[in-house]
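Right, one structure below, let's go through it.
The values are calculated or read from the model by the stated rules, or taken from the named source; none is laboratory data. The model shown is predicted, which means the values in this text are computed figures rather than measured ones. Cβ atoms come from the backbone with ideal geometry, glycine included; neighbour counts cover every protein chain shown. Protein only, heavy atoms only, side chains kept; ligands, DNA and RNA dropped before computing areas. Shrake-Rupley method; radii C 1.70, N 1.55, O 1.52, S 1.80 Å.
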Amino acid sequence: MDNMNLTAVTMFGIFVVFTLGITYWAAKRVTGTKNFYSAGGNITGFQNGLAIAGDYMSAASFLGISGLVFAAGFDGLIYSIGFLVGWPIILLLIAEPLRNLGKYTFADVASYRLRQTPTRILAAFGSLTTVILYLIAQMVGSGKLIQVLFGLEYNYAVLIVGVLMMIYVTFGGMIATTWVQIIKACLLIFGATLLAFLVLWHFNFSMEGLFGAAIEHHSKGESIMAPGGLVSDPISAISLGLALMFGTAGLPHILMRFFTVPDAKQANRSVLYATGFIGYFYILTFIIGFGAIAFLIGNPEFMEDGKLIGGNNMAAIQLSSALGGDLLLGFISAVAFATILAVVSGLTLAGASAISHDLYASVIKKGEADEKAELKMSRLATLGLGVLAIVLGIMFEKQNVAYMVGLAFAIAASANFPILFLGMYWRKLTTRGAVIGGWAGLLTAIVLVILGPIVWVDVLHFDKAVFPYKYPALFSMTVAFVGIWFFSITDKSVNAKLEHEKFDAQHLRAQTGIGAEKAAKH
Amino acid sequence: MLEGELKKLSESDAYKDLCAARSRAIWPLAIIMLVAYYSFILVIAFDPELFANKIGDGYTSLGIVCGFALILFTFLITGLYVHKANKDLEPKIEAIQKEFGHHG
C-alpha cells in the first residue's frame, strides 16, 4: 500500500507543481476583468473544446458512470447518452447567439433586452444554486476518494482541494482555469483510453468476448445487456431525459466557456470538438465498466462479501490496479484527483462571476462599477465560495449527496435554460414573464426534489414520498415555460412593448455578430 | 430600435437570406436529434424488452448497438451542422460583416 501512495502522490505532486507554474504565468496576464472572466477571448476553438470536455468530464462522470455500468451494465449507458445529447442542442440553438450577445456570463444574454435588476438576480441565483450543489457533490466525492486513495484524512483532503482551487482561480482567473482544464482533459482521456485498451487487449479486441466474460461473472447475468431498474416508469424516463438534455444547456460554468473564444465561429467549433471528446470518453467508460465486471467480480483481492471494496464508484480505480499494478493505479488515482481539482475551479469561477459581474457590477452598481473594483470583488467572491465549499464539504461528509448533481441539472433545465432560450428566440418575452416563470421553475424543481423519494425518503427517512418521481424536470420545466409564456403575453405594460421592439436589434446582433464582444489584443 | 445603416441591413435581402438559411440548418437537425433521443428513451420507458433482444448468435443486445449508434449519431449531427455552417452560413455572415460591420 505504501508503494501505491508514493506513485499516486508523486504524480499528483507533479500535476500540482506544473499547474501552479501555469497559474503564476497566468497571474501576470490577469490585469483586468476581461482576462479574469474570459481569458481575453483568446482561446481557440480546439482548446476550448478540450476545456469544455474537461469541465464536463468530472470525477462524477468518470468514476460514477463506470461504477454504474459495473453495478447495472446497460443502465450506465442511459446516463452517458443523456449527458451527451445536450451538446447538439447547445451547438444548434445556443452557442453562436450566446457568443454574439454576451460578454462574461449567460445572464448578459438573458437580460439583453429585459430589465437588468430582476433578470440578473434570477440568473445569478440560478447560477449560484447550480454551482453550489455541484460543488458540494464534488467536494464530498473528492474527500472520500482521496481518503481511500492517499490514506489522507477526509477534512485535510477537502481542505487541500479547496485551497488549491482558490489559488488557481484567484490569481490565474479564466486563463489558469482553462489551462488546468485542458491538461486535465488530456490526462483523463489518455488514462481512460489506456484502461479501455488494456481491457480489450485481454479479449483480443472482441466486444463479444468482453460481454461474454462480464455476463458470466455478474450476478445479474444476461440482464446487464438490457435496460434494468434505473428508470422504472415512463414519467421518470422522460423526466430524466429532459433534465440531462436541457440541463446541460443551462450550466453556468459550461456557458461561460463560450466567451473565452474570439467569435461565434470558434464557439461552434468548440462544441464539435467537445462533443467528439465527450462521446469518445463515454464509450471508454462503458468499456471500463464492463472490464471491471469481467476482471474484479470474484477476485477476493478487490471484493469483500460480494461487494467491491470502497464501493461501486471505485470500479475504474480498482480495475487499474488489476490491469496495471501499482503504477497504473497511481496514475489513474492522480488523474481522478486532478479531475476534481479542475472541475471545482471551473465551478467556482462561474459562481464568482455571478456574484461580481451580475450582482455587484450590474445590480448593485447599475453597470457603473469601476473595473478594478469589480476585479477585486470577483477575487473576494472566489475566496468566499472556496471557504463555503470547504465548510459545506465537511458538513455534508456523512450525507447522501448523490441527488445534488441531479438537482443541479433540474434547476439548470428549469430556470437558466428557459430564460436564455426564450430570450434569444421569442420576441414576446417580457421581464415579468421571465422573472415569474423562471422563479416558479426554479422553486418547483427544488420543492419536488425535497418531496420526492431521494430526499423525503432516503435523506429525511419518511416512509413514503409526497411526490412519487425521482426526477422533477418534466414538471418544473413545464411550470417554467407555461409561466413565462402566460405572464409575458398578458403583460401589457409600456415596458413590455419596449422589450418587444428591442428584439430586432438583438436578433440582428445574434445572427450576424455585428457589435459582438471582441477578443482582447495581446 | 434600429437606425440608419443597421435598419437598412435588417431590411436587406442578404440579412433575410442569412436568417432563412440558418433556420433551415438548425431546426431540422434539432428536431432529428430530439426524435432520435426520445425514441431511445421511450423504448426504455415502454418496451425495455425490445432492447434485450440479441443481435445474431452472440451476446450483444439491440440496446447496446442502439446506444453506441446514438453516441455516434450525436457526433455526426454536430459535424453536419459545423460543415453546413462553414459552407453556407459563414460566407453570408462575412459578406454582411464586410459591408455593415463597422456600424456595430
For this session: Would you be able to say whether some residue in the stretch A:193-213 is under 30 Å from A:A350 (Cα atoms), open to solvent by less than 10 Å² (accessible area, probe 1.4 Å) and not in a loop (DSSP other than H, G, I, E, B)?
Result: no
Seminar exercise, completed: Those residues of the stretch B:16-54 which are within 7 Å of chain A (Cβ to nearest Cβ) and either of a type in the set (S, T, Y) or over 27 Å from A:G241 (Cβ atoms) (or both) amount to B:L18, B:C19, B:Y37, B:Y38
For this session: Tally the residues that are without any contact (Cβ under 8 Å) to a residue 60 or more places away in the chain and in a helix (DSSP H, G or I), restricting the search to the stretch A:447-466.
Result: 11
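Report the residue count in the stretch A:253-283 for those that are of a type outside the set (K, R), part of a helix (DSSP H, G or I) and open to solvent by less than 10 Å² (accessible area, probe 1.4 Å). Can you show your working first?
If we filter the stretch A:253-283 for residues that are of a type outside the set (K, R), which is where we start, we get A:253-256, A:258-264, A:266-268, A:270-283.
Applying the additional criterion that residues be part of a helix (DSSP H, G or I) yields A:253-256, A:258-260, A:264, A:266-268, A:270-283.
After this cut, where a residue has to be open to solvent by less than 10 Å² (accessible area, probe 1.4 Å) as well, the list is A:253-256, A:258-260, A:267-268, A:270-271, A:274-275, A:278-279, A:281-282.
So the answer is 17.
Here is a check on your reading of the model: is A:R379 open to solvent by 20 Å² or more (accessible area, probe 1.4 Å), farther than 18 Å from A:I136 by Cβ and assigned to a helix (DSSP H, G or I)? Please lay out each step first, then the result.
Numbers: open to solvent by 20 Å² or more (accessible area, probe 1.4 Å): yes; farther than 18 Å from A:I136 by Cβ: yes; assigned to a helix (DSSP H, G or I): yes.
Yes: the conditions hold for A:R379.
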Seminar exercise, completed: Within the stretch A:405-422, restricting to residues that are surrounded by fewer than 24 Cβ atoms within 10 Å (Cβ to Cβ) and of a type outside the set (F, W, Y), the one that is nearest to A:L240 (Cα to Cα) is A:G406
For this session: Identify the residue in the stretch A:232-252 that is assigned to a loop (DSSP other than H, G, I, E, B) and either within 19 Å of B:L34 (Cα to Cα) or open to solvent by 10 Å² or more (accessible area, probe 1.4 Å) (or both) and, among all such residues, is nearest to the other protein chains (Cβ to nearest Cβ).
Result: A:D233
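Answer with yes or no whether A:Y79 is within 22 Å of A:V344 (Cα to Cα) and surrounded by 23 or more Cβ atoms within 10 Å (Cβ to Cβ). First the steps, then the outcome.
Details: within 22 Å of A:V344 (Cα to Cα): yes; surrounded by 23 or more Cβ atoms within 10 Å (Cβ to Cβ): no.
Here the answer is no, as A:Y79 does not meet what is asked.
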For this session: Would you point out the residue of the stretch A:467-522, among those that are surrounded by fewer than 17 Cβ atoms within 10 Å (Cβ to Cβ), more than 14 Å from chain B (Cβ to nearest Cβ) and not in a helix (DSSP H, G or I), that is modelled with the lowest pLDDT?
Result: A:H522
For this session: Would you be able to say whether some residue in the stretch A:34-44 is more than 29 Å from A:L84 (Cβ to Cβ) and surrounded by fewer than 22 Cβ atoms within 10 Å (Cβ to Cβ)?
Result: yes
Exercise. Is it true that some residue in the stretch A:427-446 is within 14 Å of chain B (Cβ to nearest Cβ), in a loop (DSSP other than H, G, I, E, B) and surrounded by fewer than 20 Cβ atoms within 10 Å (Cβ to Cβ)?
Worked result: yes
Exercise. Of everything in the stretch B:74-87 that's more than 15 Å from B:S23 (Cα to Cα) and touching a residue at least 40 places away in the same chain (Cβ under 8 Å), which residue is surrounded by the fewest Cβ atoms within 10 Å (Cβ to Cβ)?
Worked result: B:I77
Exercise. Take the residues of the stretch A:217-227 that are more than 8 Å from every other protein chain (Cβ to nearest Cβ) and in contact (Cβ under 8 Å) with a residue 40 or more places away in the chain: which is surrounded by the fewest Cβ atoms within 10 Å (Cβ to Cβ)?
Worked result: A:S219
Seminar exercise, completed: Selection from the stretch A:83-103 of residues modelled with pLDDT under 95 and aromatic (F, W, Y) yields A:F83
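Go through the stretch A:352-371 and give me each residue that's touching a residue at least 12 places away in the same chain (Cβ under 8 Å), assigned to a helix (DSSP H, G or I) and not hydroxyl-bearing (S, T, Y).
First, the residues of the stretch A:352-371 that are touching a residue at least 12 places away in the same chain (Cβ under 8 Å): A:352-363, A:366-367, A:371.
Then drop every residue that is not assigned to a helix (DSSP H, G or I), which leaves A:352-363, A:371.
Correct list: A:A352, A:A354, A:I355, A:H357, A:D358, A:L359, A:A361, A:V363, A:E371.
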Exercise. Which numbered condition trips up B:G63, out of (1) of a type outside the set (F, W, Y); (2) crowded, with 19+ Cβ neighbours inside 10 Å; (3) closer than 24 Å to A:Y273 by Cβ; (4) within 8 Å of chain A (Cβ to nearest Cβ)?
Worked result: (3)
Exercise. Pick from A:I288, A:I293: which is in contact with a Ser or Thr (Cβ under 8 Å, 6 or more places away or on another chain), more than 11 Å from chain B (Cβ to nearest Cβ), more than 30 Å from A:E517 (Cα to Cα) and assigned to a helix (DSSP H, G or I)?
Worked result: A:I288
Exercise. Do we find that A:A342 is at pLDDT 90 or above, more than 20 Å from the chain's Cα centre (by Cα) and assigned to a helix (DSSP H, G or I) in this structure?
Worked result: no
